[in-house]
Amino acid sequence: MVPVKLKCFRVLLVSCLFLSGCAGLQVKSSKEPVLPIPQSISVLPLIDDRLDKRKMPAEDIQSLIATVLYGLGYDVPETKQTNAKLKEKNTQSENLVTIDVKELCSVLGTEGVLKTTVYDFESAYKGFYRTDRLEMELIIYNNAGESVWKNRLVKHQNYVGGLLGSAVPTSISGWIRLEAFQGLPRGQKYKEHTSTRLRLEWIGR
């Protein structure tokens, strides 16, 4: 008769050996391969999907988004140039939701486009307090009309004071610079860029 303790030890030993063998096996991921990000991307005018249509510095935010994307190493046309081409084709920001992305890429001459939909925006003083709130979704499409990357930014902050006169409030500008493109790989030209070069090339944009 084999003692009960010895039987338990053998069972435990066999189990450990089996598990250690399984640990070396590679499980194939069911996740679909990620589509490549286009190198040249036009930043489209903001799509305003808010219920409250109070004034928003849409063009300034569009330009800021383009600046940040450029700093990540992508080829980004000036937003004034992008908007002028869209105006020539009589394309309004309201039509950007339904218009064919492949057609947009062809008109703008880039490999992809970035659509930004704003769902909430507020930047106002309430007594001594300032309220900044931003909710928007950014989606990059390639010239085949496929969505290759997206991010949703939801931020809200109340604080005392704030700077007057700036088109885009400091907090909202910071959110866009630091968090709007989370998870987006660096573009091919990222290593070539320096802070000095970025400042010089974007003066006057």
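Kindly evaluate V113 against the criterion of being of a type in the set (A, V, I, L, M, F, W, C), within 19 Å of I37 (Cβ to Cβ) and modelled with pLDDT under 95.
For V113, the condition - of a type in the set (A, V, I, L, M, F, W, C), within 19 Å of I37 (Cβ to Cβ) and modelled with pLDDT under 95 - is not met.
How many residues does region 89-121 contain that are in a strand (DSSP E or B) and buried (at least 17 other Cβ atoms within 10 Å of the Cβ)?
8
For region 29-80, which positions are among the basic types (K, R) and part of a loop (DSSP other than H, G, I, E, B)?
Scanning region 29-80 gives K31, R50, K53, R54, K55.
Find the residue count for region 53-67, including only residues that are out of contact with any helix residue (DSSP H, G or I) (no Cβ under 9 Å at 6 or more places or on another chain) and either of a type in the set (S, T, Y) or without any contact (Cβ under 8 Å) to a residue 24 or more places away in the chain (or both).
2
Check L86 against each of (1) at pLDDT 95 or above; (2) surrounded by 17 or more Cβ atoms within 10 Å (Cβ to Cβ) and name the one condition it does not meet.
Only one criterion in (1) at pLDDT 95 or above; (2) surrounded by 17 or more Cβ atoms within 10 Å (Cβ to Cβ) is unmet by L86, namely (1).
Kindly establish whether L108 is modelled with pLDDT of 95 or more and not β-branched (V, I, T).
yes
The values are calculated or read from the model by the stated rules, or taken from the named source; none is laboratory data. Small disclaimer: the values here were computed from a predicted structure and weren't measured. A quick note on method: Cβ atoms are made from the backbone with ideal geometry, for glycine too, and the neighbour counts reach across all protein chains shown.
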